[in-house]
Amino acid sequence: MKIYFILILILIFTNSVKSSPLFDSNFYEIKFNSNNVENTKLKKINEIKYLSFNKIFKNILTNNDYLNLNKDINLDLINTFIKNIIFEDEKIINNNYSSKVKINYNKKKIITYLRNNNLQYVEFLPEKFLTIILNQSYIEKNLFSKHNEYYNFLLSNNFNFYKIPNLDLNDRYLLSHSDIEKKNLYKINKLAEKYKYSDILIIISKKNKKNIIYNFYLITNNQIYPLNNFSQDNINYNELFLYLKEEVIDLWKINNGIQNKFTNSLNCSIQYFNLFELKEILKKMNNILIIKRKKLISFSYKEKLYEISYYGNKKILLKLLNSNGLKFIDEKNNCKILLV
């Protein structure tokens, strides 16, 4: 008998990196009609495995590393990383099946795999980039102006990736179009301090009689990195900002990824009120997988000094400590770690 089935596969996801950690999977909704429910169910779960696993690796790897790794991804490899599979609202009525499926992966096994293959990865992404747009033509130059058409578009549309300055007098006092053209990092950082952002995107639009030429620069870790140039015959804002988002994230990953070849170290004292609090701090630190080793150096009343070896850099370590509910206090060559 011929089998007819209709499959509707819907990926439920969020664009907010903050609310959706990069190593987490999402629920997928499955609905189908089949004369062989179990066989079709297994087939669709395997499809979800590919979708969810690839999504994680696309999130944490650069585009180039992801494309190279994608060639080796198969079902057997994916299965080695699966921690569990969750089913919600599962219903089977006659030949009709429906459920919501979430596949959870073992983060530690994923990172061990990346480390064994010397692949750089990220554990988080900036929620937004402070965006400075210099709009030039043969007539005028617009920077922090409400007449800047690029800012007007971002303000009118849902592009939360780009943090827009206030466009006020203070912005114009802190940074001029001449500072942008000269790539004056000191003056650019002064503006960034106002908004408490360390990751900055600069867009320079030059309009001539033929087309619009864009130059892009990413500032991260107090360094300026140029992106590939881009041009348009006519302004297409959606095309521009969607293209730029992917390029910026990839360049940020390249310069902020966690390398797996060598470790850095620092001495940190863990301060606590009781043994329960000490155990909680150590437990939270064990969840930070860039930490390779904690070696006890000395101890005193309610304080233990550790040498901490870790992959990546101090900026990444600080971010991960904070996201795990720990407070990091840097004092010259030593640091302190406490519960928040």
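A few points about this structure:
- In the condition set (1) among the hydrophobic types (A, V, I, L, M, F, W, C); (2) in contact (Cβ under 8 Å) with a residue 40 or more places away in the chain; (3) touching a Lys or Arg at 6+ places or on another chain (Cβ under 6 Å), residue 188 is compliant with all but (3).
- Residue check, residue 173 exposed (fewer than 14 other Cβ atoms within 10 Å of the Cβ) and either on the phi > 0 side of the Ramachandran plot or not in a loop (DSSP other than H, G, I, E, B) (or both): yes
- Filtered by the rule that a residue be of a type in the set (A, V, I, L, M, F, W, C) and touching a Lys or Arg at 6+ places or on another chain (Cβ under 8 Å), segment 244-270 gives 266, 268, 270.
- Residue within segment 152-160 that is among the hydroxyl-bearing types (Ser, Thr, Tyr) and in contact (Cβ under 8 Å) with a residue 12 or more places away in the chain present: no
- Qualifying positions in segment 54-87 - outside any helix (DSSP H, G or I), in contact (Cβ under 8 Å) with a residue 60 or more places away in the chain and in contact with a Phe, Trp or Tyr (Cβ under 7 Å, 6 or more places away or on another chain): 61
- Residue selected from segment 161-170 under the condition in contact (Cβ under 8 Å) with a residue 24 or more places away in the chain and in a loop (DSSP other than H, G, I, E, B), by the criterion surrounded by the fewest Cβ atoms within 10 Å (Cβ to Cβ): 168
Yes/no per residue for (1) farther than 18 Å from residue 154 by Cβ; (2) buried (at least 19 other Cβ atoms within 10 Å of the Cβ); (3) of a type in the set (Gly, Ala, Ser):
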position	(1), (2), (3)
178	yes, no, yes
194	yes, no, no
198	yes, no, yes
209	yes, no, no
219	yes, yes, no
226	yes, no, no
230	no, no, no
239	no, no, no
248	no, yes, no
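- Residues located in segment 235-245, provided they are in contact (Cβ under 8 Å) with a residue 40 or more places away in the chain and either over 23 Å from residue 210 (Cβ atoms) or touching a Phe, Trp or Tyr at 6+ places or on another chain (Cβ under 6 Å) (or both): 237, 241, 245
- Restricting attention to segment 98-114 and to residues that are of a type in the set (D, E, K, R) and out of contact with any Leu (no Cβ under 9 Å at 6 or more places or on another chain), the residue that is farthest from residue 53 (Cα to Cα) turns out to be 100.
- Selection from segment 93-110 of residues that are in contact with a helix residue (DSSP H, G or I) (Cβ under 9 Å, 6 or more places away or on another chain) and aliphatic (A, V, I, L, M): 101, 103, 110
- Within segment 293-327, the set of residues being within 23 Å of residue 273 (Cβ to Cβ) and in contact (Cβ under 8 Å) with a residue 60 or more places away in the chain comprises just one member, 323.
All of the numbers you see were taken from the coordinates with simple rules; none came from a lab. Because the structure is predicted, anything quoted here is derived from the model rather than measured. So basically every Cβ, Gly included, is an ideal-geometry build from the backbone, and we count neighbours across all protein chains shown.
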